[in-house]
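Read-outs throughout are calculated quantities, based only on the coordinates presented, and are distinct from any laboratory measurement. Keep in mind it's a predicted model, so treat the numbers as computed, not measured. Glycine also receives a Cβ, built like all others from the backbone with ideal geometry; neighbour counts cover every protein chain displayed.
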There are 2 protein chains.
Amino acid sequence: MNISKKEKFSEWFTEIIKEAELGDLRYNVKGFIVNMPWAVMTMKKMYSLYEEELEKNDHLPVWFPAVIPKENFEIEKEHVEGFKAEVFWITKGGDKELEEPLALRPTSETAMYKMFSLWIQGKTDLPLKMYQSTQVWRHETKSTRPFMRGREFHWIESHCAFSTRKEAEDQVLQDMRMTEKIMYQEFCIPFIFFERPEWDKFPGAIHTYAADSLVPDGRIIQQPSTHLLGQNFAKPFNITFLDESGKREPVWQTCYGPAIWRMFASLISINGDDRGLIIPFKLAPYQIVIIPINPKNLDKISKKTEEIKKAVENAGFRIKIDSSAKTPGFKFNQWEMKGVPFRIEIGEKEVDSGEFTLAKRFDGKKIKVKESELVGTIDWLAAEMQEAMLKKADEFFSDKTSTAETIEEFEKALKEKGGFVRIPFCSVEMEGVKCSDALKEKFHADIRGERFDVKEKPKGKKCIICGKEAKHYVYAGRQY
Amino acid sequence: MNISKKEKFSEWFTEIIKEAELGDLRYNVKGFIVNMPWAVMTMKKMYSLYEEELEKNDHLPVWFPAVIPKENFEIEKEHVEGFKAEVFWITKGGDKELEEPLALRPTSETAMYKMFSLWIQGKTDLPLKMYQSTQVWRHETKSTRPFMRGREFHWIESHCAFSTRKEAEDQVLQDMRMTEKIMYQEFCIPFIFFERPEWDKFPGAIHTYAADSLVPDGRIIQQPSTHLLGQNFAKPFNITFLDESGKREPVWQTCYGPAIWRMFASLISINGDDRGLIIPFKLAPYQIVIIPINPKNLDKISKKTEEIKKAVENAGFRIKIDSSAKTPGFKFNQWEMKGVPFRIEIGEKEVDSGEFTLAKRFDGKKIKVKESELVGTIDWLAAEMQEAMLKKADEFFSDKTSTAETIEEFEKALKEKGGFVRIPFCSVEMEGVKCSDALKEKFHADIRGERFDVKEKPKGKKCIICGKEAKHYVYAGRQY
């Protein structure tokens, strides 16, 4: 690898997937890929961290069927409208037509909420907080991209029910905090939460809040969204509880979808460099690789490398000894490209002196480490690395927001900086969709909505498209 | 729960699934269930232990698509014959017919091996050892049973390719050792590996070796099988490597399918008792439950329980404080039924004395534990528990094998003991299928094959069905 990630991001992304063996695109069904071991090992760690956090916040894991009967699917009108063009239908079992076609889950609301109506009877059944780690399938007509958009993707979906709107709103905030804690702090993916405009909400939601991140060329990529569903599903699905006064009330619901697959795309895009991947220490399939150098006295060296491996594994780290027949130089490049955080080089000299060279992937520097101090050193190097990665990601992200008050300024900002352009805008209700369409047509840019963490109203400003009085500041940009 | 597991196993099994909230059978697609949190939390631990062991043995995780194009599916003839009656077909995307129907994976050979032919070129690409943790779907026409047989089940499938038959045979042995190490040592499920007769092999395999276990009423349940596929798939799928002499040779393959879902059925069946579940310590969602007793001085007690929780969690154990409004007696029963290994009761007296009562689920005994010694005590109690569970499982399993040399003896053994009956049998090649059919028709019993670990030939014995000279000792019994 030696491709400019910033200048030629698409090419870089395609190349790293091939070179680091993350996905194989040659599977013979359009829109489906094979997720290869190096990617799967990393994503498994990503899943674990997210699941742990969800369980800390009292979400319980559940496995729902992958198939949803047509009748469930048609209960909530907006939802079925939003998804029906994308559903894969199972119509046959063996040679026989099924009595009723089964939808291959594009998302699980309609599978789960029918069961919620059986499980929830009284207040003691609430809150109900569940998640599942699974795949969903959508017959995407847009062009697909590995880990970003596909006809099959790997995600987590969390679904909650409460007795009050307030609790549901608090859950939305908790979902945002989890995104911060895991996607940002652990995966080093910066983001901004936007409240999506009316025309871009999740089908069936009252409010949709989506975390948008950026790819290196400045285009926007949507990361997880959390939705206040209100009682929009509870009513048609008849999910009700008996309140204090003995009245049946519909529950208040939320759902949240951290798509690990797509986060993996951002993780590699944001953290990588022109030479390949840089994987956060906690997530790396191997955290340290040992490379034996000039093994004239092979026994002596391999005895030492095995000793080190054992000590490092006992301390809870994942380590690989690469004693394959390739040259050290080839191995250095290979493991750097694959994003292994630390490399230790061991030759006879190192065995004799008990001091090794340790190369750090994230800053390319080398340090000398005594064998006796290795485990402790890895500990603090891991902390240093995480801090440095977050700093680098922040730097990339933080200057990608600009402001425009005219169409000309907008065009200039989009061209020069990319990222998010803050503009005065007429309306995020349905009447604003015309201006949104115009922006899309002219600049291929989308309105991402109002920023959730910064509330501000444009006073006396005009919508940059229609010129009417602006009611909101919204952020717009080009999607990857 | 208070149902005799031995006398009324089917009833017990149905009841425990409902009472312990393991699965909800009310999902509105026939043959599909919702796997509920208590079961999922346990199965996630089962998956982790198995995956760890697979990775120790150099299997790499991979995620293949859930859909397989019809053309792949039809490459190996026996395989397609074996599965075609059970395949769910996806024929539509949105409103449109797909150009080619997609099979919803019933097993992944035909998805994976087409890619193997791309990945394997030379000897350095071998061995190739991969596994995936996933679901498979089969349009079962037999009656389904939660965790035992369903139209969707959760499993691991491991697929390997080697340059020699010897290596493939060794892999089969390694698969058997993993079954012993994880399914027996960790899940406490005893089994015997049988080589299946010709008519009961995996479609496309040279040899099928299957681990059979028993349910409490003495009927047989098949657990994972490992298959020597030989070159039967390599040839039609064109998976070849260049050998030393520059010749293209087909690889030798194996596959192995530890079905976590079905192991969970055996785990609860074998280890449970008339009062409910007993879950091995490593797998229990909560390993310890604390129940506050007569909380007059609630603050004092909850301060102490929180302290204990923290200490126990820091030691790496999973603990739950049940401070719900139910009575202690109700909670005792509830958590016993759910199979939590240890229960600690804490009232004011315990807080003052610093000594607690700890109840052990597996033997029903109670012991006194000092707070300062709690963590260490849990450690050795966990070891004691595992040993006792294995002993109990062995006792149940070991006397379930008998020998019969006539039809009358067979009938008697089947009736009195159930389990496995060892019989002299004419042939495990295809000509034996007639005798097998006769046994099936008369006694609803199946030939499970020759025992793998004990090789013996019946000298001068006659097949108990046809009376011809017996070439094998086979084991037969009734399937659950």
For A:Gly418, the net charge from surrounding residues (Cβ-Cβ under 11 Å; K, R +1; D, E -1) works out to +3
Inter-copy distances for B:Lys96, label 7 Å out on the Cα-Cβ vector, sorted ascending, nm, one decimal, are 3.2
If one compares the long axis through the Cα atoms of helix A:109-119 with the longest principal axis of the Cα atoms of chain A, the angle in degrees, nearest 10, works out at 70
Cα extents of segment A:286-381 along the principal axes, largest first, in whole Å, come to 32, 28, 21
Sorting from shortest, the nanometre distances separating the label point of B:Ser302 (7 Å past Cα along the line to Cβ) from those of the same residue in the other copies are 6.1
Ratio for segment B:344-462, C-alpha Rg to 2.2 N^0.38 Å, reads 1.85
For the A:Glu11, B:Phe332 Cβ pair and Förster radius 51 Å, calculated FRET efficiency rounded to 0.05 is 0.20
Rg (one decimal) and Dmax (whole number) from the Cα set of segment A:70-205, in Å, equal 17.3, 51
Scoring chain B by relative contact order with C-alpha pairs under 8 Å, at least six apart, yields a percentage of 14
If labels are modelled 7 Å from Cα along the Cβ direction, B:Glu348 lies from its partners in the other copies at nm distances, smallest first, of 7.8
Here Rg/Rh (Cα, Kirkwood) for the protein assembly as shown equals 0.98
Unit-weight point scatterers at every alpha-carbon of segment A:158-205, Debye formula, q = 0.32, 0.33 1/Å: log10 I(q)/I(0) is -1.10, -1.12
In terms of the alpha carbon gyration tensor, root eigenvalues a ≥ b ≥ c, rounded if a/c is under 1.5 and otherwise prolate when a/b exceeds b/c or oblate, segment A:9-271 is oblate
One finds, for A:Glu180 and B:Glu373 with R0 = 51 angstrom and r their Cβ-Cβ distance, a FRET efficiency to the nearest 0.05 of 0.80
Per principal axis, largest first, the Cα atoms of segment A:232-352 extend in Å by 83, 34, 18
Using alpha-carbon coordinates alone, the radius of gyration and Dmax of chain A in Å work out to 25.3, 84
For segment A:401-478, percent of DSSP beta bridges that are antiparallel (nearest 5) comes out at 75
Across all Cα atoms of segment A:401-478, Rg and the largest Cα-Cα distance (Dmax), in Å, are 11.0, 30
Cross-link reach from A:Lys461 to lysines, straight Cα distance under 26 Å and at least 8 residues apart if same chain, gives A:Lys201, A:Lys400, A:Lys412, A:Lys415, A:Lys417, A:Lys434, A:Lys440, A:Lys442, A:Lys471
Summing +1 per Lys or Arg and -1 per Asp or Glu among the other residues with Cβ less than 14 Å from B:Asn297's Cβ gives +1
Answer in debye to the nearest 20: the dipole magnitude of segment B:286-381 about its Cα centre, from +1 Lys/Arg and -1 Asp/Glu charges placed on Cβ, is 300
